[in-house]
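The values are calculated or read from the model by the stated rules, or taken from the named source; none is laboratory data. Only a predicted model underlies this, so the values are computations on that prediction, with no experimental measurement involved. FYI the Cβ positions are ideal-geometry reconstructions off the backbone, even for glycines, and counts take in every protein chain you see.
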Amino acid sequence: MNNKKKVLIVEDNEELCNAIAAYFQKRDDIALLKAVYDGRQALSYLKDADILITDLVMPNLDGYALMERVAQMEGKKPAVIVISALGTEEMVHRACDLGARYYMVKPLNIESLYRRTLEVAGQAASTRVGNGVPVPSLKPLDEKITNVFLMVGIPAHIKGYQYLRYGVRLVVEGGGVMNRITKELYPAIAEHFDTSPSKVERAIRHAIDVAWSRGKIENINRIFGFHIYTKNDKPTNGEFIALVADKLSMELSA
């Protein structure tokens with residue numbers, strides 16, 4: 001398999017498992033190590049895998065137990081991408097605590113999963129698939145923003161979530177607006193959602209407060225790659241938006 005990253009797929013839905021495996025087998029920049037239908041079957045392949053893609057709810061040995069086995073491994077460990085039909089905050093946080101790099105909720109877009117896999121492998125998702133149509137290196141920005149917020153613990157049902165997502169997108173795409181958060185960013189978000197800048201500011205503050213109140217500060221620090229915050233040290237709205245935007249801008253330009 002040369003120097004290609006080896007991918008182990010664990011999914012109890014045989015149709016989906018086979019579909020993912022078939023898609024990955026056609027790619028030239030990664031190697032499919034094995035595709036199996038439950039966690040117990042996967043155990044003997046863990047030591048050879050660079051990336052583990054696993055469902056959570058499976059017979060014999062579930063995805064959490066599999067990630068616990070990975071955490072107990074000595075030396076090289078596979079990076080983990082979780083795919084699940086269930087996306088409750090508790091499940092996401094537990095997966096994150098066990099070291100999951102990404103948590104993708106079904107129904108699954110296999111091309112998006114492939115892009116995530118390349119990202120974890122440290123490669124740009126620029127290749128040709130199918131009949132030679134190029135796959136661009138830029139991943140869908142909204143998908144990346146959503147994944148960060150999911151891992152951080154900002155619930156999708158509150159207004160601040162939507163305002164933050166739109167605001168981060170504006171900053172990533174527009175650059176300089178971050179320096180004019182009160183005069184330009186809040187009004188732009190407010191206009192888009194037909195509300196007032198002051199309500200936007202309060203809703204974003206609430207969303208950040210909710211994330212911090214859940215005590216998953218280590219998850220937050222791990223997502224951003226360095227220890228920057230404590231439970232009592234919350235970022236301002238502007239700092240949080242800038243932090244997420246900078247992270248995504250670097251990933252998109254890689």
Scanning segment 34-49 for residues that are at pLDDT 95 or above, buried (at least 21 other Cβ atoms within 10 Å of the Cβ) and closer than 17 Å to residue 77 by Cα gives 42, 49
Close pairs from segment 182-197: first touching a residue at least 40 places away in the same chain (Cβ under 8 Å), partner surrounded by 13 or more Cβ atoms within 10 Å (Cβ to Cβ), Cβ under 8 Å, at least 6 apart
185/167; 185/170; 185/171; 185/177; 185/178; 185/241
Kindly evaluate residue 247 against the criterion of being in contact with a Phe, Trp or Tyr (Cβ under 7 Å, 6 or more places away or on another chain), under 18 Å from residue 151 (Cβ atoms) and either modelled with pLDDT of 90 or more or not in a helix (DSSP H, G or I) (or both).
no
Matching residues in segment 81-94 (among the hydrophobic types (A, V, I, L, M, F, W, C) and modelled with pLDDT of 85 or more) number 4
Hey, which of the strands (runs of 3 or more DSSP E) in segment 15-89, taking only ones fully inside, have at least 2 residues that are within 17 Å of the chain's Cα centre (by Cα) and closer than 17 Å to residue 99 by Cα?
51-54, 79-84
